[in-house]
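Novice: Structure in structure tokens, see below.
The values are calculated or read from the model by the stated rules, or taken from the named source; none is laboratory data. This one's a predicted model, so the numbers in the text were calculated from it and none came from an experiment. Cβ placement follows ideal geometry from the backbone for every residue including glycine, while neighbour counts extend to all protein chains displayed. Keep in mind that these areas ignore ligands, DNA and RNA; they rest on the heavy atoms of the full protein, side chains included. Shrake-Rupley method; radii C 1.70, N 1.55, O 1.52, S 1.80 Å.
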Amino acid sequence: MPNSSSMPQFLLLAFADRRELQLLHFWLFLAISLAALLANALILSAVAWDHHLHTPMGFFLLNLSLTDLGCICTTVPKAMHNSLWDTTTISYTGCAAQAFFFYFFLSAEFSLLTIMCYDRYVAICKPLHYGTLLGSRACAHMAAAAWATGFLHTLLHTANTFSLPLCQGNALGQFFCEIPAIHKLSCSHSGYCRELGLIGVSVCLVFGCFIFIVFSYVQIFRAVLRIPSQQGRHKAFSTCLPHLAVVSLFLSTGIFSDLKPPSISSPSLDLVVAVLYSVVPPSLNPLIYSLRNQELRDAIRKMMTGCFSRAITCLFSSVQHSLCNPLLAQPPF
């Protein structure tokens, strides 16, 4: 019976066997990753640059962009490398690191989405207590709790998973190191029971957060519908709908990945589902927020306009300085 620590590498699932399709996947993932990096970088820069976004929602949105960047940078580069170089291997250490960081950022993101739901609930249902309940110290404590919860949750799962003895080969059947795929290679009954216990705790936590989100949005929509002015209702919906869309996308893809019937499971479907919950949500989150949030759009527009104007000013000032200075204008010979 081979031990997990003695296994030098795992075999990931390739997106295609034909070289042309592998290169197509490489360029597609490159475009997705660059778009996600650019969009999240714009959000991070806008929140840091515009003082109007120095709010609890802006602070949590900054943390959410960090988790999106982490998810994309954990799984996509290795998939691009394998497609470009026509390989499917990943080292044991690299697999453990990839699984840990991916589930760490994923767990932290779900915790942050729950906290952001609480932020919207307080802002709309209890506006007079907003400054008290969501001060700077409270926001920092909640964000730290989200990251700490994700770290502890992921550490327990990863440590248990990579301590299991593996006796079913080393082919994962997935394009990245997914913990459920590694469990299929295990032959340890005690380790499997421990993992079931951890999964039970995780399910309870996720279900509790889900109930909290549903309850909060029921209260939010009841409060919004009581707002007399149409402009006030539109502003409230414009701040809530992006968050609701992100939560729905995150939960629907994750639930379908975990609960899809085994009868319809296939390697190609597993790849598509894995992309849906590991790559698509982090890529679409900044797009959803930037399209629906007017303040964020205005901040990004002002930041880009200001940077462009300063670049043009510096360019013309440097050219004018070189023309006016006779020492710089003269050729060196």
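Novice: Count charges around Cys307 for me, please; just the other residues with Cβ under 13 Å from its Cβ, Lys/Arg as +1, Asp/Glu as -1. Could the numbers behind the result be given before it?
Specialist: On the way: positive: Arg301, Lys302, Arg310; negative: Asp50.
In short, +2.
Novice: Quick query: amide H of Gln9 versus all other amide H atoms, modeled in the peptide plane; which residues come in under 5 Å with a sequence gap of 5 or more or a different chain?
Specialist: Tyr92
Novice: What distance in nm separates the two pseudo spin-label positions at Leu205 and Val218, each 7 Å out from Cα along the beta-carbon direction?
Specialist: 2.5 nm
Novice: Classify the chain as rounded, prolate or oblate, taking a ≥ b ≥ c as the square roots of the eigenvalues of its Cα gyration tensor: rounded when a/c is under 1.5, otherwise prolate if a/b is larger than b/c and oblate if not.
Specialist: Oblate, because a/c is 1.5 or more while a/b does not exceed b/c.
Novice: For n ≥ 4 DSSP H runs only, could you compute -39500 (n - 2.57) per run for the chain, divide by its residues and tell me the 222 nm figure to the nearest 500?
Specialist: Numbers: 12 runs with 257 residues, N = 333.
One gets -27000 deg cm²/dmol as the mean residue ellipticity at 222 nm.
Novice: Using 0.36 nm per residue, how much length does the chain from Thr93 to His81 gain when fully extended, once their Cα-Cα distance is taken away?
Specialist: Values: separation 12, 0.36 × 12 = 4.32 nm, distance 1.68 nm.
Taking Thr93 through His81 to full extension adds about 2.6 nm, to one decimal.
Novice: Give me the one-decimal nm value for the distance between modelled label points at Ala140 and Leu24, 7 Å along each residue's Cα-to-Cβ direction.
Specialist: Reported label-point gap for Ala140 and Leu24 is 5.1 nm.
Novice: Sorted by accessible area (1.4 Å probe), largest first, how do Leu66, Leu106 line up?
Specialist: Accessible-area ranking of Leu66, Leu106, largest first: Leu66, Leu106.
Novice: Can I ask one more? Please calculate how many Å² of accessible area the chain carries per residue, with a 1.4 Å probe and no DNA, RNA or ligand atoms counted. Provide the component values of the computation, followed by the final result.
Specialist: Details: 17720 Å² over 333 residues.
Heavy-atom accessible area per residue stands at 53 Å².
Novice: While we're on this one: Taking a ≥ b ≥ c as the square roots of the Cα gyration tensor eigenvalues, with a/c under 1.5 meaning rounded and otherwise prolate when a/b beats b/c, else oblate, which class fits segment 1-86? If you can, show how the numbers build up before the last one.
Specialist: On the way: a/c = 5.07, a/b = 1.83, b/c = 2.76.
Oblate shape, in that a/c is at least 1.5 and b/c is the bigger or equal ratio.
Novice: Applying a 10 Å radius around every beta-carbon, put 161-172, 205-216, 239-250 in order of their mean neighbour count, most first. Walk me through the intermediate numbers first.
Specialist: On the way: 161-172: 17.2, 205-216: 14.7, 239-250: 18.7.
Going from most to least packed, we get 239-250, 161-172, 205-216.
Novice: How would you order 14-23, 52-61, 298-307, 144-153 from highest to lowest mean count of nearby Cβ atoms within 10 Å?
Specialist: 52-61, 144-153, 298-307, 14-23
Novice: For Leu225 and Leu196, what does the FRET efficiency come to when R0 = 45 Å and r is the distance between their Cβ atoms, rounded to the nearest 0.05? Working shown, then result.
Specialist: Details: r = 43 Å, r/R0 = 0.96.
With a Förster radius of 45 Å, E is 0.55.
Novice: Calculate one ³J(HN,Hα) per residue across segment 85-93 by plugging θ = phi - 60° into the Karplus curve 6.51 cos²θ - 1.76 cosθ + 1.60, and present them in order as whole Hz with x for glycine and proline.
Specialist: Ordered by residue, 3J(HN,Hα) equals 9, 6, 9, 10, 8, 8, 5, 4, 5 Hz.
Novice: Length gain on complete extension for the stretch His52 to Thr132, per 0.36 nm per residue less the alpha carbon to alpha carbon distance? All intermediate terms of the calculation are to be shown ahead of the outcome.
Specialist: Values: separation 80, 0.36 × 80 = 28.80 nm, distance 1.90 nm.
So the chain would gain 26.9 nm between His52 and Thr132.
Novice: A follow-up question, please. Could you derive backbone 3J(HN,Hα) for segment 243-248 from the dihedral phi with the Karplus parameters 6.51, -1.76 and 1.60 (θ = phi - 60°), listing whole Hz in sequence and x where the residue is Gly or Pro?
Specialist: 5, 5, 5, 5, 4, 5
Novice: Collect residues whose amide H, placed 1.01 Å from N in the peptide plane, falls under 5 Å from the amide H of Gln174; neighbours closer than 5 in sequence don't count.
Specialist: Leu13
Novice: Between Thr149 and Val272, with labels modelled 7 Å along Cα→Cβ, what's the label distance in nm to one decimal, could you check?
Specialist: Taking the simple label geometry, Thr149 and Val272 are separated by 3.3 nm.
Novice: Ignoring ligands, DNA and RNA, please state the percent of accessible area on the chain from carbon and sulfur, probe 1.4 Å. List each step's numbers first, then the result.
Specialist: On the way: 12510 of 17720 Å².
Using a 1.4 Å probe with all protein chains present, the chain comes out at 71 percent carbon and sulfur.
Novice: Moving on to the next point. Using the alpha-carbon centroid of each, what span in Å lies between segment 139-168 and segment 24-74?
Specialist: A separation of 23 Å, based on Cα centres.
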